[in-house]
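To start, the structure itself, in C-alpha cells.
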C-alpha cells in the first residue's frame, strides 16, 4: 500500500499495464517527453521508450483514427485527449467508427482502445476544457464510459478499461487530480466496469452521483448524519453501462433518491438515473426523485464557473426537500 | 506606394503551384502506346488478365445496377468508368496489405478476397457480409468520407511497429474526400510517423453533384500531399497500365520503409453517385460527358489487345457469361443467408455483455422464440 493522489493512481495503472502487456501504447499531445500537461504519463516514455509512449501531431481526429488502425494491427491503444472539450474533433472516430466496429464486423474485430481525458469544473480552465460531456458519450452504443471518484477506483477502473476488448472512454476529474489522496495497493488490481459502488451506507435517502459529485455528496451525508439523518451515497463509477441493480437496490432500501451531476440538466445521466427509477422502482418511492445539476447554459469558463457548478449546499437543499416531501 | 515592387510575388507563386504534376500515361486515348518499355514488361497473357479484371468489374457493375433496380441489393454506388483506376491500383497490391476502402470500392474489396455474396450481403445491411476472417486484411467499406485515411495512418504505424516486412496500408477516397479534415490529418500523421501507407485519390470529377473545380483552388489534388512532406503523383486514371505501374512503384516505395505516398487517378464516374435517386443530368452536360464516355478505360485497352490479336469478341462474350453465372450464384448464396435477429445485433455490441444488453437479449429471445 502507498498513499497516492488520484493522478498518481492513474500513472501507476498506466505504468503497470505498459509493463505487463507489450501491445499497449500510450500516445497523444504532449504525453511523451513532457509527460502530459497534467503529468499523468510522467516518466513513462523514459521508462518504456518512444516506441511505446509517443507524441502525435496536434489533431484529435487523427489520434482517434490512429487508435483504430493500431487496434486493427493488434495493439492495445491508450490515447489521451488532452481536455474533454477537444473530443468534438474526434467524435466520428469514437461514435462513428471504433464503437461500431464489433457490430460492423460481426464480432470479428476488437477495438481494445482506452481513451483517457480530463474533465470537470473547479480549476478555472479556459473555455472547452472542463465541460462535462459524458452524457453525449454515454449514448454511444458499443462504448463504455467510466469515471472514477477516488484514487482506488481510478487505478482499478483504468486497469480494467485497458484490459477490456471494447473501447472505453475513461474520464478523469481535473479537480480531483491532486486534491485527493488515499492508500491504494501497489500491485495491479481491477474494479469491474459495470458495478456501481455504495460508498456510504444509509437508510433514509440515496444520493446517486459520480466523479467529483460523489465527494460533495459524502460531505452532505456527514453533515446530515449529525442531525440523525442516514444518507446512502451511490457512486456510479460507470455511466455506460449503468448498474441498474445497485441503483434500484439502494432506492428500494431508502425509498428516496436524488440524482446528481455536474453537467447541464437536459438529457443527462441524472435524467437517465431518474427515468430508471421511475420505470423500475417507482413503487419503492415515498417522494419524487430529486435532481441536482448545472443549469442549461453554455459552460461559463474561468472564474464564472464557481457560481455555475452545482455546489454542496444545492445537494444539501435538494436532499432536505426530498426528505421532507 | 502603388508602384513599389512587393517583397513577395504571390501571384507568381500561385500560378506556379501544381505545375510540376503531369499525369503519367502508358497508353493514350487512341490506344497508342506512349511508353513501350512498360508494355514490353508483360506477356500477352498477363495483359489479358488485366483486361479481364476490368471486364469483371464492368460486368459486376451492370449486374449490381440491375439487381439494385429489382430491389435485390440495397445500397450500391456505381463504378462504371473507374475500372482502370480501381482494378489498376488494387492489382498492384498484395493480399497481405491492408485495404481501407470507401463505399465505391467494393470491386477492390472482392478482388482482395471478399466473396461476392458477402459484398451483396453488406449492400443489404446484413452483418454476415462484414464477418471477415482473420486473414482477410480489410476494413468494411467506409461511409464517412475520409475517415479511412486517419485509420490507414494507424494501420501503417502498426505495420511499422510490428516490423512486418513487405506490407502496406492502402486507402481510397474520392476528389470530394480531399476536402475533409481527416484526409489531411491522415496524410500528415502517416508522414510524421514515416509509416507505410499508400493513399489513393480517385478523382472522378464529382462529389455527388459538386464538381472538382469547386472543391479546391488547387490545380491538382496530388499536390495536396506536398504540404505533408509526402511524394505524390497524378496518373491517367483511364489507362490501366499507367495506374498499375504507378501504384506498384508507390507500393514498393512505401513497403521499403520510405514513408507514405499519394496517388491521384484522373477518372470519371459514368453513372450517378448512387442508385438512390441521383440524376447526373441535374449537374452535368452531354458535352462534358461524351468525351469521357469515349475515353472509356475498357475501349482503349481492349482495342490494343484486339489489334494485337490477343483478345476477341467471342472470348469476351464467353468471359462475361462466366462472370454473370458467378454473380448469379452469389446472389443465390446471399439469399440463403439466415435472416438477422435482434439478438444477433445485441450480441455484437460488447464482448462482455453488460446488464442493459443482457436484459435486452433476454427480452428479445423471448419474442424470437415465439
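The values are calculated or read from the model by the stated rules, or taken from the named source; none is laboratory data. Since the model is a prediction, treat every value here as computed from it, not as a measurement. Ideal geometry is used to build each Cβ from the backbone, glycine not excepted, and the neighbour counts take in all protein chains shown.
For the structure I just gave you, tell me whether residue B:22 is in a helix (DSSP H, G or I) and surrounded by fewer than 22 Cβ atoms within 10 Å (Cβ to Cβ). When the stated conditions are applied, residue B:22 does not pass them.
Kindly indicate whether any position in region A:35-51 is more than 10 Å from chain B (Cβ to nearest Cβ), under 17 Å from residue B:190 (Cα atoms), out of contact with any helix residue (DSSP H, G or I) (no Cβ under 6 Å at 6 or more places or on another chain) and surrounded by 18 or more Cβ atoms within 10 Å (Cβ to Cβ). The answer is no; no qualifying residue exists.
The residues listed here are A:102, A:116; of these, the one that is at pLDDT 95 or above, more than 21 Å from residue B:186 (Cβ to Cβ), surrounded by 22 or more Cβ atoms within 10 Å (Cβ to Cβ) and within 7 Å of chain B (Cβ to nearest Cβ) is A:102. Consider residue B:147 carefully, then state whether it is within 8 Å of chain A (Cβ to nearest Cβ) and buried (at least 24 other Cβ atoms within 10 Å of the Cβ). Judged against the criteria, residue B:147 is a match. Just one residue in the set A:74, A:121, A:64 is in a loop (DSSP other than H, G, I, E, B), in contact with a helix residue (DSSP H, G or I) (Cβ under 9 Å, 6 or more places away or on another chain), within 14 Å of chain B (Cβ to nearest Cβ) and in contact (Cβ under 8 Å) with a residue 24 or more places away in the chain; that residue is A:74.
Any residue at all in region A:296-308 that is touching a helix residue (DSSP H, G or I) at 6+ places or on another chain (Cβ under 6 Å) and assigned to a loop (DSSP other than H, G, I, E, B)? Yes, that holds for at least one residue. The criterion of at least 2 residues that are closer than 28 Å to residue B:341 by Cα and more than 16 Å from the chain's Cα centre (by Cα) is met by the following helices (runs of 4 or more DSSP H) wholly inside region B:59-148: B:116-123. Residues considered: B:194, B:142. Of these, the only one that is at pLDDT 95 or above, crowded, with 19+ Cβ neighbours inside 10 Å, within 14 Å of chain A (Cβ to nearest Cβ) and farther than 30 Å from residue B:29 by Cβ is B:142. When B:353, B:358, B:365 are screened for being away from chain A (no Cβ under 14 Å) and on the phi < 0 side of the Ramachandran plot, only B:365 passes. When every residue of region A:146-154 is checked against the conditions, at least one turns out to be within 14 Å of chain B (Cβ to nearest Cβ), farther than 22 Å from residue A:55 by Cβ and buried (at least 22 other Cβ atoms within 10 Å of the Cβ). Where helices (runs of 4 or more DSSP H) fall entirely within region B:201-315, those with at least 2 residues that are within 19 Å of the chain's Cα centre (by Cα) and surrounded by 19 or more Cβ atoms within 10 Å (Cβ to Cβ) are at B:240-253, B:297-307.
Mind checking whether some residue in region A:181-202 is in a helix (DSSP H, G or I), surrounded by 23 or more Cβ atoms within 10 Å (Cβ to Cβ), modelled with pLDDT of 95 or more and at negative phi? No, region A:181-202 contains no residue that is in a helix (DSSP H, G or I), surrounded by 23 or more Cβ atoms within 10 Å (Cβ to Cβ), modelled with pLDDT of 95 or more and at negative phi. Inspection of region B:353-363 finds no residue satisfying the criterion of being more than 26 Å from residue A:99 (Cα to Cα) and out of contact with any helix residue (DSSP H, G or I) (no Cβ under 6 Å at 6 or more places or on another chain).
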